[in-house]
Amino acid sequence: MKKVLYYFISIIFVILCSLVFAEIILQIIPIIYRNLPNLKNEEQYIYVIGESSARGEPYNPKISYYKIFNYMVNGKINNKKIKFIVIAKSGNRIHEQFYKYFIYKYTHPFKKGIVFIYGGKNDWDNGLNRYNFNRYIGYNIFYILNDSVINILSFKNRRNRGNFKYNYERIILLAKKFEDDVFVSTIEGNYAGFMPHLDINNASHKKQFQEIDEYIFKKNYQKALFLLNNIFLRRNIDKSWILYRIGKIYEFTGKNKEANDNFIKAVGFYTDLRPTQHQNDVIRELATKYNVELVDIFDKLYNSGEIIGFNFYMDNQHPNLKTYIMIAKLFVDAVSKKYNVSINMKRYNTTEQEIFKNFNFNKRDQYKVYRNSLDVTLVHSKDYDNSNIYVFDKVNEYLKQVDLLNPYDEKRKEVIMSFYNMMYEALKGNKEKVKEIFNDSHLINIDKNLIESRTCDWEEYNNWVSDYLGIQDFFDLSKRYI
């Protein structure tokens, strides 16, 4: 028994010593690097950190905010040619971006550069997240082990991993360790375009909300507001749905500031792909704490006097080209305060059409933009029997653009349009129309190539379509029925 105990203690001792040794090595490497003589480099490295919006979705790979930034400064900072190191990846969360940056810096310590952080939209946090280990943030081994435990505990709930401030602060601290210069941006989303929390089973109040929506569309805003105020105090009512509709009333009556305030509050109750006010407060707080440059695109949109909706976005979280240009200009303004940058004023004041022309963005590329945006808009506009009726006009607009820009032959074009028209009718709840379109078209088996431009895999897309239409395995049907 004593031998087993000694053996066990020895193993624990070896593990602890190994962890301490590893921590010492991870702490020493940046210190050694900082004290080495400056190496002359003809390139200016810029690390791009974030998720799909940082990569330019839905315009990538040709267009993104950092490529527009490069275009505006003639591709140089301090007379050095800019080289982007793109860490950003679609679907990533901040903790995943941290580890990608962490691994890259420890394997490429001599690539000192500038860090652009425009990310966190996939890390919804309203400040109530229970995981908070900021006091141990300086210890590499601790947060590696801590993240491993959280990943195991949160395996079935990918969105419940970590704390936004903790994860965001780690990236800034890592950059500071290696003396990379950090520029952080606030984050934003299409607050007005998408109803929050559609995945709730709100059946007990559905008729009341339908009645309120009817009053809103009939412009009887006073009656709609009266009903919303009456149900706001109920315990079992979804406050996010109420605030969103109050925002719509303000929007339709021209009170844009009040509308935006309610839209933003509405995403603060449940997990969403649009950031909360808390997240931007954290980013501003960390920018001040670590004396890093802040690019405040949220403030730019909020104080624009416009509704923060489809006028700035292609879907629920990805900016349109106008907004990407705005983000690029804000980064140019911030970088030019600290570095020698020759701003090309003609390019700085560029238009969307000039970007399309100079980035060789052709008709097929534009088709993919609208088709991708149509997909994302559809998938985030329906869940259970809940549909976002306020997005119908935008879906119809995208349908027309997909039809207009479609580069395929007439037969293929007809199949694609039948598919999306069917999805549109499903969104509107017209089940009989869905059956009619399905039976009159050829959407069986052979049309699996409908996903040729999809960013997701086949199984994911098939499941989404099947769930949307309320059938099983849409693309593997053996006969025509719904």
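Return the FRET efficiency for the residue pair residue 336, residue 439: r is the Cβ-Cβ distance, R0 is 56 Å, and the value is rounded to the nearest 0.05.
Values: r = 60 Å, r/R0 = 1.08.
So, using R0 = 56 Å, E works out to roughly 0.40.
Please work out the FRET efficiency for the pair residue 410 and residue 179, using the Cβ-Cβ distance as r and a Förster radius of 60 Å; give the result to the nearest 0.05.
Details: r = 59 Å, r/R0 = 0.99.
The value I calculate is 0.50.
Simple spin-label model, 7 Å along Cα-to-Cβ: residue 79 to residue 322 in nm?
4.0 nm
Please compute the net charge surrounding residue 331, taking Lys and Arg as +1 and Asp and Glu as -1 over other residues with Cβ under 14 Å from its Cβ.
On the way: positive: 67, 300, 329, 337, 338, 347; negative: 181, 293, 296, 333.
Taking every other residue near residue 331 into account, the sum is +2.
Please give me the summed charge of the neighbours of residue 405: other residues whose Cβ is under 13 Å from its Cβ, Lys and Arg +1, Asp and Glu -1.
Working: positive: 363, 364, 368, 371, 400, 413; negative: 365, 397, 403.
Neighbourhood net charge equals +3.
What ³J(HN,Hα) values, in whole Hz, does the Karplus curve 6.51 cos²θ - 1.76 cosθ + 1.60 give for region 105-114 when θ = phi - 60°, with x put for Gly and Pro?
5, 6, 9, 9, x, 8, 8, 5, x, 10
Using a basic spin-label model with each label point 7 Å from the Cα along Cα→Cβ, how many nm lie between residue 41 and residue 270?
Between residue 41 and residue 270, the simple spin-label model gives 4.6 nm.
Could you give me the ³J(HN,Hα) list for region 365-381, computed from phi with Karplus coefficients 6.51, -1.76, 1.60 and θ = phi - 60°, whole Hz, x at Gly and Pro?
Whole-Hz 3J(HN,Hα) from phi for region 365-381: 4, 5, 4, 5, 4, 5, 5, 4, 5, 5, 4, 5, 5, 5, 5, 9, 10.
From the backbone phi of region 383-400, what are the Karplus-calculated ³J(HN,Hα) couplings (6.51 cos²θ - 1.76 cosθ + 1.60, θ = phi - 60°) in whole Hz, Gly and Pro given as x?
For region 383-400, the Karplus-derived couplings read 7, 6, 9, 8, 10, 7, 5, 7, 10, 4, 5, 5, 4, 4, 4, 5, 4, 5 Hz, x marking Gly and Pro.
Grab the Cα-Cα distance for residue 346 and residue 288, subtract it from 0.36 nm times how many residues apart they are, and report the gain in nm with one decimal. Kindly include the intermediate steps, with their values, before the conclusion.
Values: separation 58, 0.36 × 58 = 20.88 nm, distance 3.26 nm.
The span from residue 346 to residue 288 would gain 17.6 nm if fully extended.
If I stretch the segment between residue 466 and residue 110 completely, what's the gain in nm (0.36 nm per residue apart, minus their alpha carbon distance), one decimal?
Full-extension gain reported as 123.2 nm.
What are the residues whose amide H is under 5 Å from the amide H of residue 82, where those residues sit 5 or more places off or on another chain and H is modelled from the backbone?
For residue 82, the qualifying residues are 44, 76, 77.
In nm, what is the difference between 0.36 nm times the number of residues separating residue 128 and residue 255 and their Cα-Cα distance? Could you put the intermediate results ahead of the total?
Numbers: separation 127, 0.36 × 127 = 45.72 nm, distance 3.03 nm.
Full extension from residue 128 to residue 255 adds 42.7 nm.
Using a/c under 1.5 as the rounded threshold, could you call region 203-266 rounded, prolate or oblate? The axes a ≥ b ≥ c are square roots of the C-alpha gyration tensor eigenvalues, and prolate needs a/b larger than b/c, oblate otherwise. Let's see the in-between values first.
Details: a/c = 2.11, a/b = 1.26, b/c = 1.68.
Since a/c reaches 1.5 but b/c is at least a/b, the shape of region 203-266 is classed as oblate.
I want the local charge near residue 383. Using Cβ-Cβ distances under 11 Å, sum +1 for each Lys or Arg and -1 for each Asp or Glu among the other residues. Walk me through the intermediate numbers first.
Working: positive: 382; negative: 199, 385, 467.
Charge balance near residue 383 sits at -2.
Mind ranking 271-279, 307-315, 252-260 by how tightly packed they are, going by the mean number of other C-beta atoms within 10 angstrom, highest first?
307-315, 271-279, 252-260
With point charges of +1 on the Cβ of Lys and Arg and -1 on the Cβ of Asp and Glu, referenced to the Cα centre of region 162-232, which listed residue (191, 215, 175) lies farthest in the positive direction of the dipole?
215
Counting only residues 5 or more places away or on other chains, whose amide H sits under 5 Å from the amide H of residue 50 once H atoms are built in the peptide plane?
Distant-sequence amide H within range of residue 50: 88, 89.
A short reminder: the numbers here are calculations on the coordinates, not readings from a lab. Note that this is a predicted model, so its numbers are computed, not measured. For neighbour counting, all protein chains shown are included, and Cβ atoms are generated from backbone atoms with ideal geometry for every residue, glycine included.
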